[in-house]
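Engineer: Got a structure for you, written out below as structure tokens; questions coming shortly.
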Amino acid sequence: MKAVSLIKRNNDLRKELTLENKKYYEELMVYIRANSTFKSELDVEQILLDILNDILEAQFNNQTAQSYFGKDPKQSADEILKSLPRNYTETIKFALSIALGYVIVFMIPS
């Protein structure tokens, strides 16, 4: 499964969350996506979808996301990010894109 299809599925399922759970999950999701620079996008999106399914299950059992995952979504996200391995391909792509941008900027005539 591709990351794009996981993101689409994530967006569809998010509509089923209560307002409180949606706020919690979206804070967690944004934090994870913003801090997963050297992680595999597919792995990150799979984890987010798994978390969303867990929250939906907890919600079905009348439990909030906060009581299920903890009060601080950033702390939970940090623990999740630590568990994901570094993707060296993504690291190399990131470094090459920075180098390419640097070269392009300095090749523009003054």
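The values are calculated or read from the model by the stated rules, or taken from the named source; none is laboratory data. Computed from a predicted structure; not experimentally measured. Glycine also receives a Cβ, built like all others from the backbone with ideal geometry; neighbour counts cover every protein chain displayed. All accessible areas refer to the heavy atoms of the entire protein, side chains included, with ligands and DNA or RNA removed. Shrake-Rupley method; radii C 1.70, N 1.55, O 1.52, S 1.80 Å.
Engineer: Quick one: would you say residue 18 is β-branched (Val, Ile, Thr), farther than 18 Å from residue 75 by Cα and modelled with pLDDT under 95?
Structural biologist: yes
Engineer: Residues to consider are 105, 30; find the one that is farther than 23 Å from residue 17 by Cβ, among the β-branched types (Val, Ile, Thr) and part of a helix (DSSP H, G or I).
Structural biologist: One residue alone meets the criteria, 105.
Engineer: When the residues of region 34-73 are filtered to those that are farther than 12 Å from residue 6 by Cβ, in a helix (DSSP H, G or I) and touching an Asp or Glu at 6+ places or on another chain (Cβ under 9 Å), which remaining residue is most open to solvent (accessible area, probe 1.4 Å)?
Structural biologist: Of everything passing the filter in region 34-73, 68 is most open to solvent (accessible area, probe 1.4 Å).
Engineer: Which ones in region 74-96 are among the small types (Gly, Ala, Ser) and buried (at least 17 other Cβ atoms within 10 Å of the Cβ)?
Structural biologist: Listed by number, the residues that qualify are 76, 77.
Engineer: Starting from region 1-24, keep only residues that are free of Cβ contacts under 8 Å to residues at least 24 places away in the same chain, then list their pairs with residues that are assigned to a helix (DSSP H, G or I) whose Cβ atoms are within a distance under 7 Å, requiring at least 6 positions of separation or different chains.
Structural biologist: Final answer for the pair search is 22/14.
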